[in-house]
1. Sort through Arg344, Arg284 and tell me the only one that's surrounded by 13 or more Cβ atoms within 10 Å (Cβ to Cβ) and closer than 30 Å to Arg74 by Cα.
2. How many residues does the stretch 164-192 hold that are under 20 Å from Leu346 (Cα atoms), in contact with a helix residue (DSSP H, G or I) (Cβ under 7 Å, 6 or more places away or on another chain) and part of a loop (DSSP other than H, G, I, E, B)?
3. How many residues does the stretch 62-92 contain that are in contact (Cβ under 8 Å) with a residue 24 or more places away in the chain and among the charged types (D, E, K, R)?
4. Counting only residues that are farther than 24 Å from Thr101 by Cβ, assigned to a loop (DSSP other than H, G, I, E, B) and among the aliphatic types (A, V, I, L, M), which one in the stretch 5-63 is modelled with the lowest pLDDT?
5. Return yes or no: is Met114 in a loop (DSSP other than H, G, I, E, B) and in contact with a Gly (Cβ under 8 Å, 6 or more places away or on another chain)?
6. Criterion first (modelled with pLDDT of 95 or more, in contact with a His (Cβ under 8 Å, 6 or more places away or on another chain) and charged (D, E, K, R)) does Asp83 satisfy it?
7. What are the pairs with Cβ atoms under 6 angstrom where one residue, in the stretch 107-136, is not assigned by TED's automatic domain parsing to the domain that holds Arg70 and the other, located anywhere, is at pLDDT 95 or above? Sequence gap at least six, or different chains.
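The values are calculated or read from the model by the stated rules, or taken from the named source; none is laboratory data. For clarity, every value in this text was computed on a predicted model and none was experimentally measured. Note that each Cβ is placed from the backbone with ideal geometry, even for glycine, and that neighbours are counted across all protein chains shown.
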Amino acid sequence: MTADRPATPRPAVVVGGGPAGLMAAEVLAAAGATVDVYDAMPSVARKFLLAGKGGMNITHAEPAAAFLARYGERREHLRPFLDAFGADALRDWIHALGVDTFVGSSGRVFPVGMKAAPLLRAWLHRLRAAGVRFHPRHRWLGWNADGELRFAGPGGETAVAAAATVLALGGGSWAKLGSDGAWVPLLSARGVDVAPLAPANCGFDVAGWSAHFAERFAGQPVKSVAALLPDGGRRVGEFVITAGGVEGGLIYALSASLREAIARGGRATLTLDLMPDWSEERLRAGIGGGRGARSLASHLQSRIGLKGVKAGLLREVLDKAAFAEPATLAATIKRLPLVLVAPRPLDEAISSAGGVRFAAVDERLMLRAAPGVFCAGEMLDWEAPTGGYLLTASFATGRAAGLGAADWLARGRPAAGAA
């Protein structure tokens, strides 16, 4: 590839300054291209920084097969990119920036210090030293008739000629941080097949809390429960009650299947085991003991530790008579049906599903409908749970798109986006 590279560096443009775009810029600069990064926001990687405020979960240390399975139906599409730059390679890359990492008790990987800002500062310093130039407050508007990239910037609209372009514009969640999905009609107009954007890692509305339950328990966590899965498996975790539904880690992990079930039938039933460490037989025995003068609530708290929000959830699905019947109550504790009727809006979601379909790009992530234009990150049609999986695949596809664009430049292909 080096022997075919033109003597004069050819310009590459990266649109979007998140992890995928910055990784593409790094790869292109290392290949000898002149690289300009354009971003609509006043500074790059705003969503990355926000995600790191609560502890920067960069990737996950679980075995590769289990890691890949987190990407569901898109795992085979992502496999080559994650094989080339997976969790271990990402950690090595972070270490090369002078930032150490550690594995938490859950297997999640964090940078020492738990913050995104030091990592980003070191990375931007290295990118600038490599000659990468940054253009904030430049919103991409598509292409003009000459195939040049159009941007709306502080000085008005400008046109930029690029020999290769990497689009890393994010999905449709967190519009205030730049991921607003405004690119969808621009690519659709060029004949790119784009799956509709949908919320992922999101909360859901329930069929309807009672006013009493919503007022008393909104904001409270429901801990140490298990979701019973259609395949007979179970997932242990916790979630949070909202004024109109549920959100939180356990819900996010199941959001793809729940969203699809609602799309098919208008609702989804999430079945919960509120006390996964107790058998149904043990619960029946505990509930059925004599309670004397104690109230039923006091009896249940004393005998089986049932109280607070879990007791409230049971009262939402059982009438007074059923709640007082030991066998029915025990069975419902182990299999509480929670009816969900809608995902929360896209802009409230942590990430988004949908995007540029993999059939619309080649093995180097170049758009078939726009030669010389590559796509990376969340704007591709995949989704993953939280836990480092989103970031890892964003880095991996950014690297792949950067390598594809560098190869395009080395071969001296026509300018990207040209009609």
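1. Arg344
2. Number satisfying all stated conditions: 9.
3. Count: 4.
4. Ala7
5. Spelling it out, Met114 is indeed in a loop (DSSP other than H, G, I, E, B) and in contact with a Gly (Cβ under 8 Å, 6 or more places away or on another chain).
6. So Asp83 fails the test.
7. From residues that are not assigned by TED's automatic domain parsing to the domain that holds Arg70, there are no pairs.
So that you can scan it fast, the table gives a plain yes or no per residue for (1) at pLDDT 90 or above; (2) touching a helix residue (DSSP H, G or I) at 6+ places or on another chain (Cβ under 6 Å); (3) part of a strand (DSSP E or B); (4) of a type in the set (Lys, Arg):
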site: Arg284; (1), (2), (3), (4): yes, yes, no, yes
site: Arg291; (1), (2), (3), (4): no, yes, no, yes
site: Ala297; (1), (2), (3), (4): no, no, no, no
site: Arg303; (1), (2), (3), (4): no, yes, no, yes
site: Val309; (1), (2), (3), (4): yes, yes, no, no
site: Gly312; (1), (2), (3), (4): yes, yes, no, no
site: Ala321; (1), (2), (3), (4): yes, no, no, no
site: Ala330; (1), (2), (3), (4): yes, yes, no, no
site: Val341; (1), (2), (3), (4): yes, no, yes, no
